[in-house]
Structure formats: structure tokens, C-alpha cells
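In what follows, a structure is listed as C-alpha cells, so that the remarks can point back to it.
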Amino acid sequence: MPDRKLNLPQILPVYPLHEQIFFPHEVASITIGGMAMPLIGEAIRSESIIAVTSFFRPGKGVPDFEEMSKVATAGRIKQIFRLNEGSCKIVFEGLQRIRIDSPVQTSPYVLARVYPILETPLRGPVAEALVKSVNAMMKILMFYGHSPLSDSHLPASSSEAGQLADMIVSSLEMPALDKQRFLETLEPMERLQGVHALLASRIQRMKLQGTAASSICSDPQRNERESQVKEQIKDLQDDLAGRGDKHPELEQLRERIARSRMPEESRTIADKEFTRLERLHPASPEYHVSFSYLDYLCNMPWAEESEDNLDIGHAERVLNEDHYDLADIKERILEFLAVRSLRSSTQGSVLCFVGPPGVGKTSLGQSIARSLGRKFIRLSLGGMKDEAEIRGHRRTYIGAMPGRVIQDICRARVRNPVFMFDEVDKIGKDFRGDPSAALLEVLDPEQNHAFTDYYLNVPFDLSRVMFITTANTVYPIPAPLRDRMEIIQLPGYSSEEKTEIAFRHLIPKQRKENGLYGLRVEFDREAVARILDFYTREAGVRNLERSIAAIFRKVAREVAQGGRGTERIRADMVEELLGSRKYFAEIIGRDNQVGVATGLAWTEAGGELLFIETSIMPGRQDLIMTGNLGVVLQESARAALSFIRTHAGELGIEATRFQENDIHIHVPSGAVPKDGPSAGVPIVTALVSLLTGRPVRRNVAMTGEFSLSGRILPVGGVKEKVLAAHRAGIATVILPDENRSNLRDIGLPLQEDIRIVFADNLVSVLEHALC
């Protein structure tokens, strides 16, 4: 019996219903008022299991614990639908009879200790005969429309006699007290005997009503009624005899199953489901559910796959055609493809492209698919909160369908596409489940050869799929999921790289998309440089492409109105075409200032400048920090001030500067949260400048974690930060000495345009930063 396999919690939240009875194995909806929402929250925290009981006193107010029926049903909340005014509707599935013992809590909702009521399966000829008799009487009631159940709902084994009795009682219209008495009848045999007597009396009453009706009907009425009954009997005979001639789609479905090349296990389940489908009437709702399920099984690409192009030279040419630079990333991708070409198995690590928006993560996946000759599938995970989006819904739910993974592979018609999960760092989770947990099986090479979607309910081999994921940052990705992926960082582009990308890819693409095929519109390099300096400030090239597209649209308008159109875009025309400047090169100020230092920060969108402003005023030796600063950044400021006070004499700071004065540290853009340890060096530099009166050079930016002992510790995102400094016109960047290994990432062209200084102590920093 299913009841004996359950492992219910010993303490459950109890929800009382006024004259409503729920039985084990019954699935129905319950409306939950706003006052009971804390109970739903408690249930979600405890495996979504609650106890549903009944009370029968007049009025629908909240009953006392003593007024609740002590024999109840424990079940699971399958779904939750939010309603207006703070209420909700839940889909409740009964699991097991329980006995409610003693309350653990009575307010704001009841928590009680419960004990499961176990049932002994019935055996023997008497039980078998009783089950057959009950089934036969139920078929009579179903035939005349007196029961909503169908044949497929009725268990045929005596071992499920208790479940059969519960199912029948829950489906019949009868007083709630009578249903409660059946719920409190704990022996399956006694319960089934009660159901047998109940059905016999109902059939007898139905016969008497039919006899009375026939005695007062005229002959035409009687003939019409008899013809209706004969038509129903004929339909049943047609069902039993087979409907091949009436429904040719069944024969077509049989042929499709035979041609589908399913694995043996899946074919067995499909044949069993088809046999069941043949016995169903086309008007039955279950017919369409079963037919749709088999149709999906037949559409799955069980053996169809595209042939891989394993020429590494071809793959390299495709990557170079589609993307400029990114030499390290291309090399790693080619190594990945080389290993795949040499191994007979396609299992291996999953690539995860991590980088700011607009650097080409998604297009890299498309290039990989094109180089291999595979179909490309992209699934955006941003904002996904329902586990069923990955695993699908069970077929017991109305409108059930497979998960997006199976849907997209079925649509692709091959079992070995390149499948990209985009924005994997933006997956959410709520009471409907955690999609990132469902992705573990999809992406794990040791498990995905037998991935089971809840809708298909048969294993499907995903090991031949090449999975790629993308993210802006790795930190939000859960550790178990991150462990299954190989991280490849895609940093932002320098101005020179963006210029090359514009001339090689963006300008030809936008010329074609704006219909200027015959007109040779050219851009000066100075015009592209002006767009980069004054209209875009990003790590990628998305806004650059938008600006180029805006210029082409203006040219297209000129041509559409009968003009010749501009044939060359010069630097002095950019402002006329794009409007006023959005950014200015000298955003760091025109003069060297005391107490103001320029830091470098890393964000999901690439590197950014971070300005540290300090001031001193009469007070009580307090340290004031504003600008929406995080805990780590505040701790960096306190450590910097403590170091300065400890070494004031060495730094040339008078001890009286700290007495009866407050120090204020502010980081502009107060609406933007800021955190991280890399602002330690600019903070200590700004404070030393403030207390000594020496200005900070305006064309110097710095980054690094500052320790209490005065050490400069390494930080991440070095290339992105240096690119941000280069975009802003910074001449010198101070980096921690331990970040020397990152010079290779920065590249020689960028190193020639900007001076990079390494420092391992504060003295070295101040030497280059202060005037």
C-alpha cells in the first residue's frame, strides 16, 4: 500500500474545514483565507505537508481544537495560486489517514502531533469478489452519469480495497457527516462493505425512479428514451470492438510508434499507453491527454542527430569571422572542440562564458554551433522561478507539458544540438521549486544520459547535447551548479578593439539591416572614436552598435526622401547626427584636489571609476561614511584610518588633527550600492591627502585591498578596471604588486596607452598619487 511507504513529519500544521471531508488519494482545490496564510508558509518549510480536518458546529469561524475531528487526512500542497486580498488557492493531494493527538501550538494556527493510521492489504477470495462487485456497480452508475469517475480510476486489486472505497465515497454526493464516518472507518474490509451497501441502495433507488418514470411516460417518450439507451450501448460495443475504421489517427499513431526508434524501455511504456488509449472513447478528456503524450513521445529525436564537422581549422575560421580578438577564449574553445573530436563519447565539461553585457557571449555559442554544423538552441533563464520549466509537469495536472529542455530538443528534431542556457546567474526560486537544482541533472555528464522529464516519465539521453551557459558574474550561481561548469572569462574591449569590431562587423551589419545595399556609406576612424568617447561608456559594443544604427537610419531617411544620402561620416558630423554628448572625457575634474582620490571598481557591466571624497570638521572624533557603502567597504575605511592614526608621525600628520574633529568619507552616486575591499587603497590615499594637505593627482587611478599592517593586497577584475581608466582618460593606474601576472590579460596595445605602476606598500602608492 502507498500509505505504508510515507514518512510523515510527527508535527504538522492543521487546517480545519467546515463540513468538508478529504480522503487519501483525493486531489482537489482549497481556498485559503488571508488569516491562514502563515499556516501555508509553515507548510512550505516542512515539505509542503499539512493535515486537513473538519468541524461540524454551526458557523464558519475558527474552531477550537476540541471541536476538530481527530481522524483526518495528511496531504501535500502540490500548487499554490495567489488570489486578491492576500488569500490563495492550493491544490491538495491526500496522502494518508492520520490521528491528531495533542496540540503543540494553537495560535496563530494549529500545530499538532499526529500519528499515521496504517492499513493492512486485503487478501483472499472474499475480498476479491467484493472488489469486483463494487467495480461492477460503479460501472452501472458511471454509465448512467451518476459518478464523475471513469474505469481507469478504479483499482482492480483487492490489495487496494481501502483506496477503492475512499475514491468512491469522495466522488459521491452525500452528507459530510456520513463521509466523516467513512473516514473514521479504519478497517478496509469494513469500509468496502459499507460502500457496497451504499452503492446497492443507490442502484435500487435508481431502478425504482426509472420504473416510476416509465409508468407515466407516453409511448413516444418511452421510445425516445429506449433509443437513447440503445445508442449508448452501441457506442460501448464500438469501443470494445475497436475503432480502427472510425479513427484512422490511431493507426497512424501506431505506425509512428513503430518507426520512432525508441529505446526498449520507452517503447514498452508507449505500447502500454497505446493499448489503454484504444479502450478510451474519443470524447473522454483522458483520450486527448493520452494521445498528446504518445504524440510527444513519437516526435522526440530518439536516434536522429546531425553529423559533426570535426575540422578544427574550419572551426577556427568561423570563430575568427564572427569575433575579433578574444585569442585566449578562442584557443580554449578550439581545445574543447579538439577533445570532443578525438573522443568517441561526447561527455565532458560544460563551458560557462562569464563577462559583461555586450561582449559576445551568446554569439560565441552560435559560432560554435555553426563551426560544428549543429543546430543552436538558446534558453534564457533570467527570472525563471518554477522547477517545472526545466523538468516539466506531471501528466496528472491539467495542461501539463514537458519542460523547456525537452520541448526545445523536440523542436530541433535532433538529439545533439548546441544548447545554451543564457543568464544562468539570474535564476530565481520560490515555493514552486528551485530551477538551479533541476539543472544539476541536466548539466552533469554522469547523470544526463538518463534525464527523466516529469511529463515524458521515461529516460532521455542528453549526453550528446553540447551545453553552454552564460552569466554576467559567477557569484550568484549556486556552488553545486558552478562545480559542473568550466568558467571562461570574457573581459571588456579596449577602444582600439571596439574600433576594429565596428569596421569588421557592426558597420557592414547595420548597412545591410537598414537597406543601404547599393550605397557605400563609410565611416572615418575619427568618427568611430568620437562615438566611443562621447556616446558610449561600456565594456561591450551593444551601445556602439545602437549609435551606428541610429546614423544609418538618418542616412536611410535621406535616401527614402529622394536625396543622395551621406557617403562618408566624418568626426564633425557625429554630434549633428547623434545629438548632444552623453559623456565627457574629463569626468575626473580639471584640477588636482585635496582629499579626493579616484578608485577603480568592478561591476557586472565591466569596470567603473569610483571617486572617494573626504572632509574634516570639528566634532567628536567620529568617522562618518555615506554613499550607500557595504560592510566590507566600511571596514576598509576603518582599517585605513586606524593605520593612519598609528603611523601619523611617519606620514607627516600632526596628532592634533584627529582631536576634536570628525572625518567624513563619501562615495558619490549614493543610490548605487557599493561594496568590496578593492577601494582600500584609494580611501587611504584620500585620507592621507586630506590630513597632510597634499593634493591627489587627478589623472591617477588606483585599486587594491589595504590591510591594517599597511600591505597592498591583490584584487580581481584588473583588465576591466584598466579599460575603465583608459576610457576616462586616466594616465596612470596603480595596481597591487601581486597583480603583475595580469599584465598578460591587459595586452601590449593597452599598456602602451596607459602607464601601469605596481606597489606593495603605502609609501609607493603615495609617491605616485600625491603631488
- Note on the structure: Going through the range 392-408 in order, the residues found to be open to solvent by 60 Å² or more (accessible area, probe 1.4 Å), of a type outside the set (A, V, I, L, M, F, W, C) and touching a residue at least 40 places away in the same chain (Cβ under 8 Å) are Arg394, Arg395, Thr396
- Query: Only one of (1) more than 30 Å from Ala529 (Cβ to Cβ); (2) open to solvent by 30 Å² or more (accessible area, probe 1.4 Å); (3) at pLDDT below 90 fails for Phe658. Which number is that?
  - Reply: (2)
- Message: Looking for something over 30 Å from Phe353 (Cα atoms), open to solvent by 50 Å² or more (accessible area, probe 1.4 Å), among the basic types (Lys, Arg) and without any contact (Cβ under 8 Å) to a residue 60 or more places away in the chain - is there at least one such residue anywhere in the range 494-510?
- Response: no
- Item | Some residue of the range 405-421 being at pLDDT 90 or above, in contact with a Cys (Cβ under 8 Å, 6 or more places away or on another chain) and closer than 23 Å to Leu364 by Cα | no
- Residue count, the range 661-683, condition open to solvent by 10 Å² or more (accessible area, probe 1.4 Å) and part of a helix (DSSP H, G or I), comes to 2
- Could you list, in sequence order, all residues of the range 80-102 that are open to solvent by 30 Å² or more (accessible area, probe 1.4 Å) and either among the charged types (D, E, K, R) or without any contact (Cβ under 8 Å) to a residue 40 or more places away in the chain (or both)? Phe81, Arg82, Asn84, Glu85, Lys89, Glu93, Arg99, Asp101, Ser102
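For (1) open to solvent by 10 Å² or more (accessible area, probe 1.4 Å); (2) touching a residue at least 24 places away in the same chain (Cβ under 8 Å); (3) assigned to a helix (DSSP H, G or I), each residue gets a yes or a no:
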{"residue": "Ser642", "(1), (2), (3)": "yes, yes, yes"}
{"residue": "Arg645", "(1), (2), (3)": "yes, no, yes"}
{"residue": "Thr685", "(1), (2), (3)": "no, yes, yes"}
{"residue": "Val688", "(1), (2), (3)": "no, yes, yes"}
{"residue": "Gly716", "(1), (2), (3)": "yes, yes, no"}
{"residue": "Glu720", "(1), (2), (3)": "yes, yes, yes"}
{"residue": "Leu723", "(1), (2), (3)": "no, yes, yes"}
- Scan the range 534-570 for residues that are farther than 19 Å from Leu519 by Cα and assigned to a loop (DSSP other than H, G, I, E, B) and jot them down. Tyr535, Thr536, Arg537, Glu538, Ala539, Gly540, Val541
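Listed here are the residues, each with its yes/no results for (1) more than 23 Å from Tyr397 (Cβ to Cβ); (2) at pLDDT 85 or above; (3) among the basic types (Lys, Arg).
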| residue | (1), (2), (3) |
| --- | --- |
| Thr53 | yes, yes, no |
| Phe56 | yes, yes, no |
| Glu66 | yes, yes, no |
| Thr73 | no, yes, no |
| Gln79 | no, yes, no |
| Asn84 | yes, no, no |
| Cys88 | no, yes, no |
- Keeping to the range 113-131, report how many residues are within 22 Å of His25 (Cα to Cα) and in contact with a helix residue (DSSP H, G or I) (Cβ under 9 Å, 6 or more places away or on another chain). 12
- Within the range 730-744, count every residue that is within 13 Å of Ser764 (Cβ to Cβ) and of a type in the set (S, T, N, Q). 1
- Under the condition of being farther than 14 Å from Ala400 by Cβ, touching a residue at least 24 places away in the same chain (Cβ under 8 Å) and charged (D, E, K, R), which residue from the range 283-314 is most open to solvent (accessible area, probe 1.4 Å)? Glu307
- Assuming Gly627 fulfils every condition listed in (1) modelled with pLDDT of 90 or more; (2) open to solvent by 30 Å² or more (accessible area, probe 1.4 Å); (3) out of contact with any Leu (no Cβ under 8 Å at 6 or more places or on another chain) apart from one, which condition is it? (2)
- Query: Looking at Arg276, Arg256, Arg332, which is the one that is in contact with a Ser or Thr (Cβ under 8 Å, 6 or more places away or on another chain), touching a residue at least 24 places away in the same chain (Cβ under 8 Å) and part of a helix (DSSP H, G or I)?
  - Reply: Arg276
- Could you tell me whether the range 109-121 includes any residue that is loosely packed, with under 14 Cβ neighbours inside 10 Å and at pLDDT 90 or above? yes
- Task: Could you grab me the full set of residues in the range 689-732 that are modelled with pLDDT under 90 and hydroxyl-bearing (Ser, Thr, Tyr)?
- Result: Ser709
- Message: Restricting to the range 725-752, name every residue that is open to solvent by 30 Å² or more (accessible area, probe 1.4 Å), free of Cβ contacts under 8 Å to residues at least 60 places away in the same chain and touching a helix residue (DSSP H, G or I) at 6+ places or on another chain (Cβ under 8 Å).
- Response: Asn742, Leu743, Gln751
- Quick check: anything in the range 471-490 acidic (Asp, Glu), open to solvent by 10 Å² or more (accessible area, probe 1.4 Å) and touching a helix residue (DSSP H, G or I) at 6+ places or on another chain (Cβ under 6 Å)? no
- Message: Being acidic (Asp, Glu) and in contact (Cβ under 8 Å) with a residue 40 or more places away in the chain is the filter here; which residues of the range 647-660 pass it?
- Response: Glu660
- Here the residues within the range 575-599 that are open to solvent by 40 Å² or more (accessible area, probe 1.4 Å) and modelled with pLDDT under 75 are Phe584, Ala585, Glu586, Ile587, Arg590
- Within the range 227-248, is even one residue in a helix (DSSP H, G or I), at pLDDT 75 or above, out of contact with any Leu (no Cβ under 6 Å at 6 or more places or on another chain) and closer than 24 Å to Leu277 by Cβ? yes
- Task: Looking at (1) hydrophobic (A, V, I, L, M, F, W, C); (2) open to solvent by 60 Å² or more (accessible area, probe 1.4 Å); (3) touching a strand residue (DSSP E or B) at 6+ places or on another chain (Cβ under 9 Å), find the lone condition where Met35 falls short.
- Result: (3)
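The values are calculated or read from the model by the stated rules, or taken from the named source; none is laboratory data. Keep in mind that what you see is a predicted model, and the values were worked out from it rather than measured. Please note: Cβ atoms are built from the backbone with ideal geometry, for glycine as well, and neighbour counts cover all protein chains shown. Only protein heavy atoms, including side chains, enter the accessible area calculation; ligands, DNA and RNA are left aside. Shrake-Rupley method; radii C 1.70, N 1.55, O 1.52, S 1.80 Å.
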